[in-house]
1. Let me confirm something: among Lys304, Lys284, which residue is among the charged types (D, E, K, R), closer than 20 Å to Leu187 by Cα, touching a residue at least 24 places away in the same chain (Cβ under 8 Å) and assigned to a helix (DSSP H, G or I)?
2. List pairs: first residue in region 199-216 and at pLDDT 95 or above, second residue in a helix (DSSP H, G or I) and surrounded by fewer than 14 Cβ atoms within 10 Å (Cβ to Cβ) anywhere in the structure, Cβ distance under 8 angstrom, at least six positions apart or on different chains.
3. Does Gly312 satisfy the condition of being free of Cβ contacts under 8 Å to residues at least 40 places away in the same chain and within 30 Å of Asn174 (Cβ to Cβ)?
4. Among the residues of region 245-260, write down those that are free of Cβ contacts under 8 Å to residues at least 24 places away in the same chain and not in a helix (DSSP H, G or I).
5. When only residues in region 97-121 that are within 22 Å of Thr163 (Cα to Cα) and assigned to a helix (DSSP H, G or I) count, which is modelled with the highest pLDDT?
6. Residues that are at positive phi, crowded, with 17+ Cβ neighbours inside 10 Å and not aromatic (Phe, Trp, Tyr): does region 23-31 have at least one?
7. With Gly228, Gly276, Gly312, Gly216 as the choices, which residue is open to solvent by less than 10 Å² (accessible area, probe 1.4 Å), under 25 Å from Gln178 (Cβ atoms), out of contact with any Lys or Arg (no Cβ under 6 Å at 6 or more places or on another chain) and not aliphatic (A, V, I, L, M)?
8. Return the pair list, or none, for Cβ contacts closer than 7 Å from residues in region 128-143 that are among the acidic types (Asp, Glu) to residues that are part of a loop (DSSP other than H, G, I, E, B), at least 6 apart or on different chains.
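The values are calculated or read from the model by the stated rules, or taken from the named source; none is laboratory data. All values reported here derive from a predicted model rather than from experimental measurement. Please note: Cβ atoms are built from the backbone with ideal geometry, for glycine as well, and neighbour counts cover all protein chains shown. SASA here: full protein model, heavy atoms, side chains in, ligands and nucleic acids out. Shrake-Rupley method; radii C 1.70, N 1.55, O 1.52, S 1.80 Å.
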Amino acid sequence: GESVSEDLPMFWPAEDLAHLQGTAVVFPPDATPGATLQAAFEEHVLPLMAREGSVFPEATRDAEAFARALSWVMSRAFQGELNFQCDGSCVPHLGTDADVKKGGPFMIPVFDMFNHSSVEAKRNTKLRHDGDFLYCVAETDIKAGEEILQCYGAHSDAELLRTYGFVEADPQGNPCNQLLISRSAVLGVLQAKFGEKSPKAAARLAKRLQLSAERGLVLPAYSVGVHGAIPPKLLTLVQVASMGAQEYAEYAESDMIELGEEMHIIGTDHAEVVTGAILEILAKAEEHYPKELQCSTQRQRWAKHVREVEVGILRLARAYCVTMGCEESDSDG
């Protein structure tokens, strides 16, 4: 039969991709989409094929055929997270300069037919390796006709959709789901709140952000987990940007990196300022999600699921943040 590509978001038309706006699939939301698959093929893949001419005859140097093969490797192999560029596109980085942190990809016949579950209690098999051998064992008794479930990796629904072309609809939810907050959203709020009152304020904030960057607090993205807890590095960045001169001097002279909740004194003026800034950052992140879209295709329903999951985490983060900024009630009250 005719070979077809997997239905991954990198192949979706603009009308379907619009339903993923704001999500981790097309991150960051305010970026101008980066390289198309065709452009990436021409920049990274075609020169490699030309250099290895005996392996890739000219007739095989075709972008469409490469796209099909890439979709198979992305959706059928086991590789951990692919390296995406954070450029607003769904195309993985294809250059040889990618930061390779994990082995793979591994394409394993038969095993790739097993479905994925993010719920550990529902999995009944696991891939193991022994030297040069890979093998699969049953973790529980499996009845005839029972679905075989294993784990493709600790992937959020957004990552499952972007890499494998599906999302989970398990009522127990995916414990790996996350909300990504872009650096531009964070820095934009900090600049508006603490850097625009005067040139002196702008210089003060710039100095603090520079120190924060040197200490690894200024990230391309901040991940909020499924329970909505504010990431310590994001909390510390806001604390450093908003703290008083004496507190900042002490922090700058110390070897501390993350302050986090230990330095967040509930009920203080500074805690209220920090809480207010993080709430504004969350509001800025929420602005990027599309409103009132009609879902008429399976792709659009998948996108709606991803949006709803992330907005749900955002609301939990907002509640978490409000709790951080409030004084604890007296036990007698």
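1. Working: Lys304 fails: closer than 20 Å to Leu187 by Cα.
Only one candidate qualifies: Lys284.
2. Listed pairs, sorted by first residue: Leu211/Ala252.
3. Values: free of Cβ contacts under 8 Å to residues at least 40 places away in the same chain: yes; within 30 Å of Asn174 (Cβ to Cβ): yes.
Yes: the conditions hold for Gly312.
4. Just the residues of region 245-260 that are free of Cβ contacts under 8 Å to residues at least 24 places away in the same chain, to begin with: 245-247, 249-251, 253-256.
Scanning region 245-260 gives Ser254, Asp255, Met256.
5. Kept after step one, since they are within 22 Å of Thr163 (Cα to Cα), are these residues of region 97-121: 97-120.
Narrowing the set further to residues that are assigned to a helix (DSSP H, G or I) leaves 111-113, 120.
Values: Phe111: 82, Asp112: 80, Met113: 85, Glu120: 90.
Looking at residues that are within 22 Å of Thr163 (Cα to Cα) and assigned to a helix (DSSP H, G or I), I get Glu120.
6. Filtering region 23-31 down to residues at positive phi leaves none.
Checking region 23-31: not a single residue is at positive phi, crowded, with 17+ Cβ neighbours inside 10 Å and not aromatic (Phe, Trp, Tyr).
7. Numbers: Gly276 fails: open to solvent by less than 10 Å² (accessible area, probe 1.4 Å); Gly312 fails: open to solvent by less than 10 Å² (accessible area, probe 1.4 Å); Gly216 fails: open to solvent by less than 10 Å² (accessible area, probe 1.4 Å).
The match here is Gly228.
8. Here the result reads Glu139/Arg123; Glu139/Asn124, each pair linking region 128-143 to a residue that is part of a loop (DSSP other than H, G, I, E, B).
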